[in-house]
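Shown next, in structure tokens, is the structure this report addresses.
Please treat every number below as a calculation from the coordinates, not as lab data. Because the structure is predicted, anything quoted here is derived from the model rather than measured. Here the Cβ positions follow ideal geometry from the backbone for every residue, glycine too, while neighbour counts run over all protein chains shown.
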Amino acid sequence: MSKTSLVLTILGQDRPGLVEQIAKLVADHHGNWLESRMAHLAGQFAGILRVEVDATHADSLASSLRGLTSAGLESIIHPDPAATPAANDNRPLLHLDLLGQDRPGIIREISRVLASLGVNVEELNTQCRAAAETGQPLFHAEAQLRLPPNVTEAALRSALEAVANDLMVDVTIA
């Protein structure tokens with residue numbers, strides 16, 4: 001049987017059992033849950049996941065997922081045209097860790113540098129938390145970055161360090 005891959009985005013008021021509800025629909029349609037990222041933000045559930053399903057079940061799965069609106073969940077479903085490994089997966093993947101006093105514009109400035117170099121942000125997680133000693137808000141970001149063929153780790157590090165000094169944040173790349 002031919003398989004198809006779907007990328008799903010699900011949003012709605014968070015409550016216990018949401019992930020199980022989604023997982024049940026995937027399983028009921030003979031789907032395989034491949035990967036996901038899910039979070040609770042300000043009382044809302046936000047999830048993105050990729051599932052693989054027999055092509056004959058893809059439309060019925062999509063229809064069932066759209067039916068989650070009656071349960072207060074919005075869903076967006078896209079076929080995954082890159083279900084096969086991407087040709088650029090052999091390019092370097094680096095981990096960025098950023099920490100500093102919170103202030104507006106940190107992500108804007110960092111993402112501007114990344115975009116100017118053609119660096120792809122494959123994953124980004126951010127949070128604000130109180131500093132242990134002072135209680136002042138600290139901004140922490142972690143990202144997985146895919147370098148384009150023409151950018152070295154040293155060039156990325158140099159560009160980020162220049163903006164990090166202006167932002168007064170610590171940036172580590174590994």
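Of all the options 152, 134, 126, the one that moves most in a Gaussian network model of the chain with Cα springs shorter than 10 angstrom is 134.
What full-extension length gain, to one decimal in nm, is calculated for residue 170 and residue 3 as 0.36 nm per residue of separation minus the Cα-Cα distance?
Values: separation 167, 0.36 × 167 = 60.12 nm, distance 4.47 nm.
In short, 55.6 nm is gained.
Distance from the Cα centroid of segment 129-174 to that of segment 1-19 is 32 Å (rounded to whole angstrom). Pairs of Cα atoms nearer than 8 Å and 6+ residues apart set the relative contact order; for segment 88-173 it is 44 percent.
Where in the chain are the DSSP H helices whose alpha-carbon span along the long axis reaches 30 Å or more and whose Kyte-Doolittle mean is at least 1.6? Each step should come with its number before you reach the end.
Numbers: long enough: none.
In the chain, no H run is both long and hydrophobic enough.
Think of the chain as a dipole: +1 on every Lys or Arg Cβ, -1 on every Asp or Glu Cβ, centred on the Cα centre; then among 12, 27, 126, 12 lies furthest on the positive end. Normalising the average separation of contacting C-alpha pairs (under 8 angstrom, six or more residues apart) by the number of residues puts the relative contact order of the chain at 22 percent. Positive end of the dipole of segment 1-59 (Cβ unit charges, origin at the Cα centre): among 38, 2, 53, the Cα lying farthest that way belongs to 38.
For the chain, what is the convex hull volume of its Cα atoms per residue in Å³?
Working: hull volume 24.2 nm³, N = 174.
So the per-residue Cα hull volume is 139 Å³.
Estimated purely from DSSP H runs of n ≥ 4, each contributing -39500 (n - 2.57), the mean residue ellipticity at 222 nm for the chain is -9000 deg cm²/dmol once divided by its residues. Annotation: extensible slack from residue 93 through residue 115 equals 6.4 nm (criterion: 0.36 nm per residue apart, minus Cα-Cα distance).
What does the charge dipole of the chain about its Cα centre add up to, to the nearest 20 debye, if the Cβ of each Lys and Arg holds +1 and the Cβ of each Asp and Glu holds -1? Intermediate values should be presented prior to the final figure.
Numbers: 13 positive and 21 negative charges, 50 e Å.
Taking the Cα centre of the chain as origin, the dipole is about 240 debye.
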